[in-house]
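**Q** What follows is a structure written as structure tokens; I'll ask about it next.
No value in this document is a laboratory result; all are computed from the given coordinates. What you are looking at is a predicted structure, and each value in this text was computed from that prediction instead of being measured. Cβ placement follows ideal geometry from the backbone for every residue including glycine, while neighbour counts extend to all protein chains displayed.
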Amino acid sequence: MKSVTKGGFTMPGEAGYEDLTLQLAERWGADVIRDSDGTKLSPEILAAGYEIYSTICIIREHNEWAQAHPEARQQTFLVTPPTVAASAAPLTIDLMVSFFADQFEIHYGPAAHSCWQVWDRTTGQLLTAADWSFDPARGAVMIPAPEPFHSYTVSFLAYRIWEEINMYNHVTNHWQSEHLIPIDPRLPVARDYLYNYLKDWCEAHPETDV
């Protein structure tokens, strides 16, 4: 049977741990060394003769561009918890009451509103656009004539203003750096920007194999 002592193993590395990284790569028969989210490989590791895999998340770390093109930020649909109308008086539903304001921003306007839905969950009926309104100042939907004791929800569009992995690292690892905004590569303006960014990145990192 053929004995394999090297290959098929990727070793994570990090600047500041050169000796340990290279010792383990030799001991475990690694053929590749890669960086990780938030880590960098030092020149010593890059020149050690291993293939180099680079980790890059191209939809974040572009805050200046994202702030100049807010329409290119990623979006998501959110739904409010059910709110019960205690009477026939106008019902107000705070859209962000159950969501983290540092992570999401309500996307409102004619184009966005065409995708919003307000439901009477008691009857399963979708309310018409004439049956509700949105107050941007309050971040709330108003239903002027709800059915007493019926339960209502609002499904609405929101921009993602804090990329979730970056948010996890801030919360878990106590990062203090700027919150990263994710951008949506489906949009032509974002796709063109990211294509040029990735092309420039590859040219600036010739040591990267994958």
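**Q** Test of understanding: extend the Cα→C-beta vector of Arg121 to 7 Å, then name every residue of region 127-147 with backbone N under 19 Å from that spot.
**A** Once the point is set 7 Å along Cα→Cβ of Arg121, 127-128, 132-133, 140-147 turn out to lie under 19 Å by backbone N, inside region 127-147.
**Q** Oh, and also: Note the full-extension length gain between His205 and Leu187 as 0.36 nm times their separation in residues minus their Cα-Cα distance, in nm to one decimal.
**A** On the way: separation 18, 0.36 × 18 = 6.48 nm, distance 2.65 nm.
Residue separation times 0.36 nm, minus the Cα-Cα distance, leaves 3.8 nm.
**Q** So, one more: Taking loop as defined by DSSP and a crowding limit of 16 other beta carbons within 10 Å, which chymotrypsin sites (Phe, Trp or Tyr not before Pro) in region 26-75 fit? Display every interim value, and only then the final one.
**A** On the way: sites: Trp28, Tyr50, Tyr53, Trp65; in loops: Trp28, Tyr50.
Qualifying residues, ordered by number: Trp28.
**Q** What do you get for the angle between helix 188-204 and the principal long axis of the chain? Use alpha-carbon atoms, 0 to 90 degrees, nearest ten.
**A** So the inclination is approximately 20 degrees.
**Q** To the nearest 10 degrees, how steep is helix 164-173 against the longest Cα principal axis of the chain, on a 0 to 90 scale?
**A** 70
**Q** Would you tally the net charge around Ala30, using a Cβ to Cβ cut-off of less than 11 Å, leaving Ala30 out, and scoring K and R as +1, D and E as -1? Please report the intermediate quantities before stating the final value.
**A** Details: positive: Lys6, Arg27, Arg34; negative: Glu26, Asp31, Glu51.
Within the 11 Å Cβ shell, the charges total 0.
**Q** Pop the C-beta distance of Phe100 and Ala130 into the FRET formula with R0 = 22 Å and round what comes out to the nearest 0.05.
**A** FRET efficiency, Phe100 to Ala130: 0.10.
**Q** Can you list which of the trypsin sites (Lys or Arg not before Pro) found in region 128-210 are DSSP loop residues with at most 12 other C-beta atoms within 10 Å?
**A** Arg138, Arg186
**Q** Once Lys and Arg get +1 and Asp and Glu get -1 on their Cβ, which of His179, Tyr53, Trp116 lies farthest toward the positive end of the dipole of the chain?
**A** Value: Trp116.
**Q** For region 1-86, run through the trypsin sites (Lys or Arg not before Pro) and keep only the ones in DSSP coil with at most 10 other Cβ atoms within 10 Å of their Cβ.
**A** Lys2
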